[in-house]
Amino acid sequence: MLALRCPRCGADLPARSQQRVFVCEECSATSMASGRDGEGFMVLDRILVRPLQEFDRGERLFLLPVWQVMQRGGGEFRIPAVGMGQMSLVLAMAQRMTAIATAWSVWEPSLDLRRSAADLHVEDAYSLAEVVGMRLQDPGENPPVLGGARLLDWPCVRRSSQTIELVGGMATSGRLLEGLSPVARGPELMAVAEVDLS
Ligand SMILES: [Zn+2]
């Protein structure tokens with residue numbers, strides 16, 4: 001197996017076999033192979049999404065990596081980039097996150113929140129967006145024409161056995177967050193919430 005290096009600082013990247021989007025432990029850059037063949041690595045911007053739903057003092061915040069795939073002529077697909085071992089769950093969540101078109105905005109909290117690596121290359125996000133598009137459209141409608149894509153970090157909490165996403169307030173299986181670590185908890189999170197969400 002090829003050694004992977006951060007395109008920004010040259011440090012070795014931690015490589016799990018399923019991983020397609022990497023986070024450098026040295027400089028925090030997010031990177032991805034330029035194409036499916038794994039040739040060439042590029043640094044990705046990540047956009048942190050502002051929570052719009054309430055959360056409690058005791059809860060821990062997770063950031064779910066989500067590909068935002070633009071649809072030409074308006075609209076966007078939202079494809080979770082983790083949980084590839086549970087594709088039906090990911091597809092169902094992608095369909096619901098896309099169909100409930102709650103607008104999101106950018107969040108720039110005073111606290112530095114660590115971002116997660118992800119399993120889904122953008123090329124595969126396009127493939128899943130096409131599937132979601134076909135599921136959501138009326139019979140006889142033309143398939144969606146896809147535009148650019150960006151990597152979002154979507155705020156979520158886990159409540160009992162469920163994942164709650166904090167933009168539209170949708171609930172899905174807690175298994176969606178398996179493999180992700182919480183980025184903040186308790187008082188830390190409330191300090192951010194009081195400053196940033198008021
Ligand atoms: Zn680096």
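Below 8 Å, C-alpha to C-alpha, sequence gap of six or more: please give me the relative contact order for the chain in percent. Walk me through the numbers on the way to the answer.
Working: 383 pairs, mean separation 55.7, N = 198.
Reported relative contact order: 28 percent.
Could you please rank 57, 159, 115, 78, placing first whichever residue has the fewest other Cβ atoms within 10 Å of its Cβ? Intermediate results must be reported in sequence, preceding the final value.
Details: 57 10, 159 13, 115 17, 78 27.
Neighbour counts put them in this order, fewest first: 57, 159, 115, 78.
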Which ordering of 31, 105 is given by a fewest-first count of other beta-carbon atoms within 10 Å? 105, 31
Which of 49, 66, 82 ends up with the largest GNM mean-square fluctuation for the chain, with Cα atoms connected below 10 Å? 49
With Cβ to Cβ distances under 12 Å as the rule, what net charge do the other residues near residue 9 carry (K, R +1; D, E -1)? -1
With a 10 Å Cβ neighbour count serving as the proxy for reagent exposure, in which order, fewest first, do 22, 55, 77 appear? 55, 22, 77
Would you kindly give the portion of the calculated P(r) for the chain that falls above 26 Å, as a percent of all Cα pairs? 34
On each of the three principal axes of the Cα atoms of the range 1-44, give max minus min coordinate, whole Å, ordered largest first. 25, 18, 14
Computed FRET efficiency, Cβ-Cβ of residue 114 and residue 136, R0 22 Å: what is it to the nearest 0.05? 0.10
So how do 97-103, 164-170 stack up, highest first, on mean other-Cβ count within 10 Å? 164-170, 97-103
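Read the figures in this text as sums done on the coordinates, not as results from a lab. Note that the coordinates shown come from a computational prediction; the quantities given were computed from them, not determined experimentally. In this analysis, Cβ positions are derived from the backbone assuming ideal geometry, glycine residues included, and neighbour counts consider all displayed protein chains.
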